[in-house]
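Structure first, commentary second.
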Amino acid sequence: MTAPASSDTILLIEDTPSLQMIYAAALGRAGFAVAACGTAAEGMAAFRRHKSTVVLLDLMLPDRSGLDVMHDLLAAQPQTRVIVITANGSINKAVEMMRAGAHEFLVKPFDDQRLIAAVENARKALRHSPADPKGPADSSVPAPFIGQSRAMRAVYAKIGSVARSMASVFITGESGTGKELCAEAVHQQSARAAGPFIALNCGAIPVDLLESEVFGHLRGSFTGAISDKLGAAAAADGGTLFLDEICEMDLNLQTKLLRFLQTSTITPVGATKPRKVDVRIICATNRNPLEEVRRGRFREDLYYRLHVVPIHLPPLRERDDDVNEIAERLVVQMAREEGRDFVGIAPRVRDLFRSLPWPGNVRQLINVLRNVVVLHDGPMVTADMLPPDLLGDRPVPVAHNGERPALTLGDLTGRTLAEIERIVIEDALIRHGDSIPRAARELDVSASTLYRKRDAWDKAKRPQ
Amino acid sequence: MPAIDPAILAQLFAMGGDSLRVALCAQLREDFTRLHGAVASADATEAARATHEVKGLAGTVGALRLAELARRLDSMGADLAAEARLVLVAGLRSEIDSVLQALTMTEGSFCA
């Protein structure tokens, strides 16, 4: 069974709950995301939400005739492929439905193979349809993005435009919005796609090692340099270098990066001669880069050098129903990986997902779904399966939820300065879901400072 | 001939793991219980609609005798005399009872 090529959600409108469950399980098992509805009204609402291009439609619905629903579906989106499912197998009925625009007519009972074949045929027909110049609704979504919201469509268009040029791209957006995916999408759509894509997180590497990580070093150039090291810039020669959390980069190294951008040459630590490299730079930050310039933490000349084409990734809460489209796709995928039976998300959970602030964005959604899939079994994700801290308005894990009281001055009294520093830092890390960059921002120190401190605490814990 | 063809039911259960099997079994019992009442409704439209629903559902889950009874009643529709309809509906309901019993036994075998 081939997996669906497009991210389109199959809409299933069937009023018998057990049949709905059977069809959804068969489709989910074949890798399709399914939105299942039991009435015409629910079906039309889901159709507007998902803009599904393949619809499985029962002819006899409690609130309207399936034929009327099909007319509305085709009027709203003529390229829609409607597969009619009915227990009435008369030839007259089949002819009537095909004349009205049905793509296929399935007579109950039918087995899962027949159902999957019908859906796959409908999708194939969509791809080859001359009547649909745009193709399936999500054909312009660069892999592996999911979502059709207006905000993301603008992002996809920008990725498509900028990919063809050599211009530097500066990606901004909250943590977990997919900045690295965006950088990869630009690389994949560019003429450099066959070349390497090298990603480096400037906030995750101690400041004294970062220069060597970016530009490389020669053996013996400093204590511990036991062999030559190819830096990220040289490794990306002919391709793309992605510098994540660029605002965490030390000011001295920013100067060297600027020189590299101006001359397209690198000088590894300990080398005497520069080396020419052909690299496209994409960088990203979850901070406001201009604000960092104003505060003197980011070089203005480097900012203007890098900030040629900005792409801002919207937070998940501003992406309309993308949260549910992503959740539907991922839950089926995770269920396959974990040997579970999930086929979709219950309507109440969909409403809840739309209303949550998602401070950790898609990364948080992925964690929530993984938690659900590992700890529960399907077929639908229901509200009682969700981690209790999700309903709070803090990033996961929530710190002050009763299990861990808020830090007070009394907690610090009688402690040494070093102990107080550690308590405050650890408290900030817990409140920010263990995100060092976010905790660093709150504490107004560089992320590398926190990485260094945590490494020191870890070392102190290990037996000598 | 059993009320539900075990091979067809097994194929459906094979689409997922234990949780799907349990959820589906419970849903089937719920649906057939609802339809058991609805096929005998005094409202002719509701009764016809329920019979049609039984036809599709029974065939899908391998309740082949029930599917055939529902097909017969569904195809005769309004042409059927009231007495004859009563007889056929009684047969249909009795067969739904057998299907429900088979489902209960199947459910019991999960827990065994």
_Anything in segment A:305-322 that is open to solvent by less than 20 Å² (accessible area, probe 1.4 Å) and either within 14 Å of another protein chain (Cβ to nearest Cβ) or of a type in the set (Lys, Arg) (or both)? List them, or say none._
A:Arg319
*Which of the residues belonging to segment A:314-355 are in a loop (DSSP other than H, G, I, E, B) and closer than 14 Å to A:Gly178 by Cβ?*
A:Pro314, A:Pro315, A:Arg319
*Only residues that are at pLDDT 85 or above and among the hydrophobic types (A, V, I, L, M, F, W, C): list them for segment A:163-178, please.*
A:Val169, A:Phe170, A:Ile171
*asked:* I'd like to know if segment A:279-286 contains one or more residues that are in a helix (DSSP H, G or I), under 18 Å from the mean Cα position of the chain (by Cα) and not acidic (Asp, Glu).
replied: no
*Would you mention how many residues in segment B:26-43 are touching an Asp or Glu at 6+ places or on another chain (Cβ under 7 Å) and free of Cβ contacts under 8 Å to residues at least 60 places away in the same chain?*
1
*Could you please find all residues in segment B:15-45 being farther than 20 Å from B:Val99 by Cα, open to solvent by 30 Å² or more (accessible area, probe 1.4 Å) and aliphatic (A, V, I, L, M)?*
B:Ala42, B:Ala44
*Mind checking which pairs have a first residue in segment B:56-71 that is facing chain A (nearest Cβ under 10 Å) and more than 14 Å from B:Pro6 (Cβ to Cβ) and a second that is at pLDDT below 95 and surrounded by fewer than 22 Cβ atoms within 10 Å (Cβ to Cβ), Cβ under 6 Å, 6 or more apart or different chains?*
B:Gly59/A:Pro109; B:Thr60/A:Pro109; B:Ala67/B:Gly59
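Residue by residue through segment A:231-240, note down the ones that are modelled with pLDDT under 90 and not in a loop (DSSP other than H, G, I, E, B). Outline the logic, then answer.
Going residue by residue through segment A:231-240, those that are modelled with pLDDT under 90 are A:231-239.
Once the filter is applied, which keeps residues that are modelled with pLDDT under 90 and not in a loop (DSSP other than H, G, I, E, B), segment A:231-240 yields A:Ala232, A:Ala233, A:Ala234, A:Ala235.
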*Any residue in segment B:4-25 that's within 18 Å of A:Val381 (Cα to Cα) and within 7 Å of chain A (Cβ to nearest Cβ): show its pairings with residues that are at pLDDT 90 or above and open to solvent by 30 Å² or more (accessible area, probe 1.4 Å) at Cβ separation under 8 Å, as long as the two are six or more apart or on different chains.*
B:Leu20/A:Met21; B:Ala23/A:Met21; B:Leu24/A:Met21
*Just one of A:Ser227, A:Ser221 is in contact with a Lys or Arg (Cβ under 6 Å, 6 or more places away or on another chain), assigned by TED's automatic domain parsing to the domain that holds A:Lys158, more than 27 Å from A:Val155 (Cβ to Cβ) and open to solvent by less than 70 Å² (accessible area, probe 1.4 Å); which is it?*
A:Ser227
*Inside segment A:20-47, can you point out the residues that are more than 14 Å from chain B (Cβ to nearest Cβ), in a helix (DSSP H, G or I) and touching a residue at least 24 places away in the same chain (Cβ under 8 Å)?*
A:Ala40, A:Glu42, A:Gly43, A:Met44, A:Ala46, A:Phe47
*State all residues of segment A:323-352 that are farther than 20 Å from A:Gly31 by Cβ and surrounded by 22 or more Cβ atoms within 10 Å (Cβ to Cβ); if no residue qualifies, say none.*
A:Val323
*Could you check, for segment B:44-54, whether at least one of its residues is more than 9 Å from every other protein chain (Cβ to nearest Cβ), modelled with pLDDT under 90 and farther than 20 Å from A:Gln113 by Cβ?*
yes
*So which residues in segment A:54-98 are among the hydrophobic types (A, V, I, L, M, F, W, C), surrounded by 13 or more Cβ atoms within 10 Å (Cβ to Cβ) and part of a helix (DSSP H, G or I)?*
A:Leu67, A:Val69, A:Met70, A:Leu73, A:Leu74, A:Ala94, A:Met97, A:Met98
*Which condition number in (1) on the phi < 0 side of the Ramachandran plot; (2) surrounded by 14 or more Cβ atoms within 10 Å (Cβ to Cβ); (3) out of contact with any helix residue (DSSP H, G or I) (no Cβ under 8 Å at 6 or more places or on another chain) is the one that A:Lys108 fails?*
(3)
_Residue that is farthest from the other protein chains (Cβ to nearest Cβ), among those in segment A:361-385 that are open to solvent by 20 Å² or more (accessible area, probe 1.4 Å) and not in a helix (DSSP H, G or I)_ = A:Thr382
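The values are calculated or read from the model by the stated rules, or taken from the named source; none is laboratory data. A quick note: this is a predicted structure, and the numbers were derived from the prediction, not measured. For neighbour counting, all protein chains shown are included, and Cβ atoms are generated from backbone atoms with ideal geometry for every residue, glycine included. For accessibility, only protein heavy atoms count, side chains too; no ligands or nucleic acids. Shrake-Rupley method; radii C 1.70, N 1.55, O 1.52, S 1.80 Å.
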